[in-house]
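What follows is calculated from the coordinates using simple rules that are stated; it is not laboratory data. It should be emphasised that the depicted structure is a prediction, and the values quoted were computed from it without experimental measurement. All Cβ positions, glycine included, derive from the backbone under ideal geometry; neighbour counts span all protein chains shown.
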Amino acid sequence: MLKVALALAATATGLVLLLSYKTPDPTARSAPPPAVAAPRQSASPGPTAATSSRTVTGSSAGTPFGPVQVRITLVNGKLTDVTTLQHPDDRRRSVEINDEALPILRSEALKAQSSRIDEVSGATWTSDAYIRSLQSALDKARGG
Amino acid sequence: VVRYVETVMGTTAGLTLPDETGDGRGPGLAAAVYRWLRRVDSVYSPFLPGSQISLLRDGGLRPADCDPDVRGVLALCEELRERTGGYFDAWAGGVLDPCGVVKGWSVETAGELLADRGVAAYSLNVGGDVRAAGRDWRIGITDPHRSGRVLTVVTGTDLAVATSGVTERGAHVLDPHTGRPATALAAVTLVGPSLTYADAYATAALAMGGPMGCQARRWLCDLPGYAGFAVTATGGVWWTPAFRAYAPDLPPPERAG
């Protein structure tokens, strides 16, 4: 099962993003989700604080049109960027689909920068693969 | 604010609960919503051999022996066929496929589930079909032709937004009167109070088509309670008069296709 829980907390410094967790069956879970990832206490580092930046590559996720793979960048534990490494482009059909899906979902992942839109109507095959690759990157970032 | 995303029904389902936290009621509410959506998938998917819809289609199950809510959805399909002049037809391809309403109906029902638990504000987006309530929501309508472009933004505090389009899964909507894929419109968005009807009407309007979607446009203009926005296969855009009330950011009227 794939699960991404993004707990968004608007603060004076912006967004705190809790990385994802996996559970075999959320219906069997009564405890609150483990808030494991982001160093919440350091959301606003002082001017002399060291900046910790890392990138994590997600696994390649399949679609009927080819694989999708993303790389995420975390600065001080916060998701700051999502880069698409692979997307299906060997057929005109899939180019059309990706032209629409990937930039939109990129902004979905970076909701702090696109807060004027809450949801997007119009979905594609690649949206699911994008979420799967993003999920795996978030899992790796948490465990690694 | 807490937001959940899971893969269900072969697509992405995102739930946003503005008044909840990941430490409070949020996880339990999300679990209830996704449990419901997974149950709908297992019962209604025409792609799962053992689903009640597959058994009905293949003659292994009589309607009288289905779950009560399945009989309710079958009755709803019949009602929608009549309301749309036959353009919403769960038997369009000759085999039972109620997908054109099940997604919208299941998301609408999930919203009722949340309301029953005292949740005033939520948005649930399953593969681009959105039900949002309880605060000011802004929902982008994407351009099926151009990279990452949001054509307009629909706003409201209690609304349903459903888009049916050929970019979702190829040209998958058939004109039930000809049996051929409908190609005049690239995407149709319906906005109104219930996602059950918005979803089915979007499917019907896409199937209606006509030159530049004129047949769909005439029908949507006369449809009470729902507003329509469409992108034609050639990149034109039109909307019904009721749509402007939902979309204050609409481009100038001369852009209408």
Fill in the blank from the handout: In a Gaussian network model of chain B with springs linking alpha carbons closer than 10 Å, the residue among B:Pro68, B:Pro211, B:Pro18 that fluctuates most is B:Pro68
Exercise for the section: Pull up all non-local amide H partners of A:Leu85: gap of 5 or more, or a different chain, and H-to-H distance under 5 Å with H placed in the peptide plane. Expected result: A:Gln69, A:Val70, A:Arg71
Exercise for the section: For each of A:Lys140, B:Lys103, count neighbouring Cβ atoms within 10 Å of the residue's Cβ, then give the residues from fewest to most. Expected result: A:Lys140, B:Lys103
Problem - Which of B:Met9, B:Met208 has the fewest Cβ neighbours within 10 Å, and the rest in rising order - result: B:Met9, B:Met208
Practice task
Using a Förster distance of 45 angstrom, determine the FRET efficiency expected from the C-beta separation of A:Thr83 and B:Ala115, and round it to 0.05.
Solution key: 0.70
Practice task
Using a Förster distance of 60 angstrom, determine the FRET efficiency expected from the C-beta separation of B:Trp91 and A:Thr51, and round it to 0.05.
Solution key: 0.50
Exercise for the section: Among B:Gly140, B:Gly26, B:Gly179, determine the one that fluctuates most according to a GNM of chain B built with springs between C-alpha atoms less than 10 Å apart. Expected result: B:Gly179
Exercise for the section: Please label the shape of region B:54-156 as rounded, prolate or oblate, based on the square roots a ≥ b ≥ c of the eigenvalues of the alpha-carbon gyration tensor (a/c under 1.5 means rounded; beyond that, a/b larger than b/c means prolate, else oblate). Expected result: oblate
Handout entry: Residues B:Arg81, B:Arg117, B:Arg135, sorted so that the one with the fewest Cβ neighbours within 10 Å comes first
Key = B:Arg117, B:Arg135, B:Arg81
Handout entry: Residue of B:Ala32, B:Ala92, B:Ala133 that the Gaussian network model of chain B assigns the largest fluctuation, springs spanning Cα pairs under 10 Å
Key = B:Ala32
Handout entry: Computed [θ] at 222 nm, helices only, for chain B once each DSSP H run of length n ≥ 4 contributes -39500 (n - 2.57)
Key = -10500 deg cm²/dmol
Practice task
Run the numbers on chain B and let me know its relative contact order in percent, using alpha-carbon pairs under 8 Å that are six or more apart.
Solution key: 15
Completion exercise
Amide H contacts under 5 Å for B:Arg138, restricted to residues at least 5 apart in sequence or on another chain and with H modeled in the peptide plane, are A:Asp118, A:Glu119
Practice task
With a/c under 1.5 counting as rounded, go ahead and sort chain B into rounded, prolate or oblate using the C-alpha gyration tensor (a ≥ b ≥ c being the square roots of the eigenvalues; past the cut-off, prolate if a/b is larger than b/c, else oblate).
Solution key: oblate
Fill in the blank from the handout: region B:17-167: relative contact order from alpha carbon pairs under 8 Å, six or more residues apart, as a whole percent, is 16
